[in-house]
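Report on the following structure.
The values are calculated or read from the model by the stated rules, or taken from the named source; none is laboratory data. Note that the structure is predicted; figures quoted are calculated from it, not measured. Cβ placement follows ideal geometry from the backbone for every residue including glycine, while neighbour counts extend to all protein chains displayed. We work out accessible area using only protein heavy atoms, side chains counted, and drop any ligands, DNA or RNA first. Shrake-Rupley method; radii C 1.70, N 1.55, O 1.52, S 1.80 Å.
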Amino acid sequence: MFGLISRYTRWLHTRWPAGTVERLPEVRADGSTSVPGVFVAGDLTGIPLLKFSLDTGARAAQTIARELSESPGPPAPTNRSGGPAPTNRPGDPDLLDLVIIGAGVSGMAAAVEAKRLGLSYTILESTEPFTTILNFPKGKPIYTYPKAMIPAGELQVSADVKEALVDELRRQAEAAQIRPLASHATRIERSDGAVTVHLADGGSPLRARRVLVAIGQSGDFRKLGVPGEDRDKVYNRLHDPSDFSGKRALVVGGGDTALETAIVLAQAGAHVTLSYRKAQFSRPKPENVEKLEMLRRDPMADVSVEHPTSEHVTTASGPFATGSHPPGSVTLRLETRIAEIGERDVKIAGPGGAVETIPNDVVFVMIGREAPLDFFRRSRMRITGEMRPARWVAMGLFLAFCGWLYNWKSGGSMSNLFAAHHWFPFNLPDLLRAVGGGIAADAADPGTLLGTLAISASGPAFWYTVAYSLVVVIFGVRRIRRRKTPYITAQTVTLMAVQVLPLFLLPEVILPLLGHHGLLPRGLLDALFPVVSYGHGREYWRAYGLILAWPLNVYNIFTHEPLWWWIAIGFVQTCVLIPLGIYFFGKGFYCGWICSCGALAETLGDTHRQKMPHGPGWNRFNMAGQVVLAAAVALLVVRIIGWVLPDGNWADRIFDPVLKTHYKWIVDVFLAGVVGYGVYFWYSGRFWCRFLCPLAALMHIYARFSRFAIVAEKKKCISCNVCTSVCHQGIDVMNFANKGVPMTDPECVRCSACVQSCPTGVLAFGQIDRTGRTIKLDLLPASPVRMREGSAP
């Protein structure tokens, strides 16, 4: 049995890549952070491209200048980085407009723009300007994609080799008279309406109205944590591969940097062992994997690395290209870990734990570099995916509020308390009668609009739905303004319309009003909305089932006596329409365009999508929805048995008071309401949708047979991981994109965040055949980059 469940789990969820997302400071689209007045630009925004670093630095300076002009404060002193500051505003003589931390390409672009805009500023650099580029290997080609992109601001680049690029940047900085102050910032502090930058070695703190952090991935290199890692023969960068000709080299890592290092070392004549902890490569580009395989088969193969993606390696051309040295070799050791690094050897642990000792002269640990997170922690800036005590407390309080809210809304003890004390909204009819006159008369007549509203609004569920609909509309408009693509506009308008019309006005206003006027056929009313002794006299709330299909909404099916029309509607929805829609358009056909849970996630949750946790453990937790689905199916079986057996049978006796009641409070109230919405602002708006929704769990099965896919142009992919980081379903999108493989993970809800956020226009919605060949692309453009290039969607 366990083996069957394990195979099913792999077939449905764990077969897909499950990469994690690097922790970075939380940065909004305009570069602002959780600390007012503090901005971030450059690589720390998540896109490690030279032109984007220039662009984000210049745009941050423009945003800051615009903010300061709209809310003028005390002026700044004489500009400490070249040029006089404005002197026409009285105020604190030591308060700058802007302090820029980091004089890399992003920081220098911001400084050039700040000077052009007349801001007083200081730019700090702990080493020397453009340090990252200066540390590139000699003659390293520079990746300047997108070629057609012109970054904002005056600092521009055209060179495509390290030395020429450095000269070009230095000339422009000198011409603009940008002179960084040699100092090291230790933390940032917000106080008294300004931002203070504290400096190392007792330097006098700097105070400014705004601060821009542009320090890039300047944290420590990641460590293996093994004995001997501190030996002199262990490196984190490769400067000149020819220095290691004939050496026995160990390269550790499984990304592009590690593979490129192994390739150029082998071509320079080194005998390379490449160790990677997983069973297969998932991050590097297919071209690098192919080149590695070619070298393993033929050490003399010409596999020059024309455009390395990392600052840590150089090319396989030039003085150490094939033929300049005796051929080296590459040995691949997957599913291995380094146990110890000795003076003349290394110990490698294999899949079964067995340790092997191999001769070794040099080790390259190419597993990346940490972001400078301690700096941001000291500055009390929020970091994506990091929970501090204050955030745990805030989430706990919000969970408690959601517990109260959904108890009140769902007819629990809070609702009974309000009713017993005749508190709002249970006293609404009395309040309207007390007004007197025509208003009181209309409120007492259910045939009037006011009378219909008076009845509907006398229960908590009405006000909950009003608030829910307003949030979807308000934040939906904001989403449309924020993400200006035809796809987002059409999707968001559809979600708003579905929420307001069939999921609010229809059951709460339109149907009751028509019913009171006798405008609905009696047979239709009896079949769909049975007579009751409360409210409008009929169960018009069942109209929610026209949109919310079983098993998301179980209450039109889990009835004491079968409601055959609802059974037929539910069957057509769940077993015909939804599978057909998913076959052509994926699970997002329903989750991303119709469902009310998805409506809130795509509107209110739009700015929280990056908070969804990623990784193998969370991928396994996707199966929790299958447990809820199994419970819903089990209850359906018991309900059918109760219908079939004579009245008073065991199934009837336990179904309503025990099974259905417990399902309501555990699944609908606690999991969907309290947990699903309670963790909204900490674990994204799709927590319920991804992990716990039984209808989504069923649709995951349908989606395994879908033609829908997110297709990729792999040559455009720069492995920046932005697509993965913005996926609020936890999908490792980049793992598909950088291989050019269609993304077919059934979790996808077609939100378009990955397509829209991709800085190079790699992704597009489409359909594929069984061989993975793209059949067609969606008509609605979803990628701003492709729209600009004229290759939409």
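Grab the Cα-Cα distance for Leu514 and Asn416, subtract it from 0.36 nm times how many residues apart they are, and report the gain in nm with one decimal.
That works out to 32.3 nm of additional length.
Taking 24 Å as the straight-line reach from the Cα of Lys51, the lysines in range (excluding those fewer than 8 positions away in the same chain) are Lys115, Lys138, Lys140, Lys147, Lys162, Lys285, Lys484, Lys714, Lys715, Lys716, Lys739. The simple spin-label model puts a point 7 Å past each Cα toward its Cβ; for Glu293 and Leu397 those points are separated by 5.6 nm. Each residue of segment 709-718 was assigned a 3J(HN,Hα) from its phi angle through the Karplus expression (A = 6.51, B = -1.76, C = 1.60, θ = phi - 60°), giving 7, 9, 9, 9, 9, 5, 5, 7, 6, 10 Hz with x at Gly and Pro.
Near Cys595, once Lys and Arg are set to +1 and Asp and Glu to -1 for all other residues with Cβ below 12 Å from its Cβ, the sum equals +2. State the percent of C-alpha pairs, over all pairs in segment 325-374, separated by a distance greater than 15 angstrom. More than 15 Å apart: 60 percent of the Cα pairs in segment 325-374. Between Val435 and Leu636, the contour length at 0.36 nm per residue exceeds the Cα-Cα span by 67.6 nm.
Here the translational diffusion coefficient of segment 437-500 follows from Stokes-Einstein with Rh set to the Kirkwood radius across Cα pairs; for 25 °C and 0.890 mPa s it amounts to 179 µm²/s.
Heavy atoms of the protein chains alone define the surface here; on that basis the chain has 43 Å² accessible area per residue at 1.4 Å probe size. The percentage of C-alpha pairs in the chain whose separation is greater than 54 Å is 22%. Backbone amide hydrogens, once placed in the peptide plane, bring Ala764 within less than 5 Å of Val711, excluding anything fewer than 5 places away on its chain. Run the reach check for Lys233 against aspartates and glutamates, Cα to Cα strictly under 12 Å, same-chain hits fewer than 8 apart removed. What comes back? Partners within reach: Glu343, Asp345, Asp361.
Taking each pair of different alpha-carbon atoms in segment 654-793 once, compute 1/r for the pair, average those values, and report the inverse of that mean as the Kirkwood hydrodynamic radius in Å to one decimal. The partial results should precede the final answer.
On the way: mean 1/r = 0.0602 Å⁻¹.
Evaluated on segment 654-793, it is 16.6 Å.
Rounded to the nearest angstrom and listed largest first, the equivalent-ellipsoid semi-axes of segment 438-552 from its Cα gyration tensor are 30, 18, 12.
Say R0 is 30 Å: what FRET efficiency, to the nearest 0.05, do Trp11 and Lys776 get from their beta-carbon distance? Don't skip to the answer; put the middle values down first.
Numbers: r = 27 Å, r/R0 = 0.89.
With R0 = 30 Å, the Cβ-Cβ based efficiency is 0.65.
3J(HN,Hα) along segment 670-676: 6, 6, 6, x, 5, 6, x Hz, from the Karplus curve 6.51 cos²θ - 1.76 cosθ + 1.60 with θ = phi - 60°, whole Hz, x for Gly and Pro.
Using a 1.4 Å probe, how large is the accessible area of Glu290, given in Å² and rounded to the nearest 10? For Glu290, solvent-accessible area is about 110 Å².
The phi torsions of segment 337-351, fed into the Karplus equation with coefficients 6.51, -1.76 and 1.60 and a -60° offset, translate into couplings of 9, 7, 9, 6, 10, x, 5, 10, 7, 9, 9, 10, 8, x, x Hz, rounded to whole numbers, with Gly and Pro shown as x. With N counted as the residues of segment 204-305, its alpha-carbon radius of gyration over 2.2 N^0.38 Å works out to 1.41. Rolling a 1.4 Å probe across all protein chains gives Thr132 an accessible area of roughly 70 Å². A Förster radius of 22 Å combined with the Cβ-Cβ distance from Ile474 to Asp92 puts the calculated FRET efficiency at roughly 0.05. Here, segment 347-440 yields an orientationally averaged convex hull projection of 15.4 nm² when only Cα atoms define the hull.
About its Cα centre, the dipole of the chain is roughly 640 debye, where the only charges are +1 on Lys and Arg Cβ and -1 on Asp and Glu Cβ. Just want the answer: with Cβ charges of +1 for Lys and Arg and -1 for Asp and Glu, which residue in His608, Cys575, Ile547 is farthest toward the dipole's positive end in segment 507-621? Farthest towards the positive end: His608. Farthest towards the positive end of the charge dipole of the chain, among the residues Pro351, Leu514, Gly107, is the Cα of Leu514, using unit charges on the Cβ of Lys, Arg, Asp and Glu. Counting 0.36 nm for each residue step from Arg620 to Thr144 and taking away their Cα separation leaves a gain of 167.5 nm. The heavy atoms of Val509 offer some 20 square angstrom of accessible surface to a 1.4 angstrom probe.
Treating r as the C-beta distance of Trp404 and Lys223 and R0 as 51 Å, the FRET efficiency rounds to 0.65. Where the alpha-carbon atoms of segment 536-691 are placed on the principal axes, they occupy 53, 34, 29 Å, in descending order. The 1.4 Å probe gives accessible areas that order Thr33, Thr771, largest first, as Thr771, Thr33.
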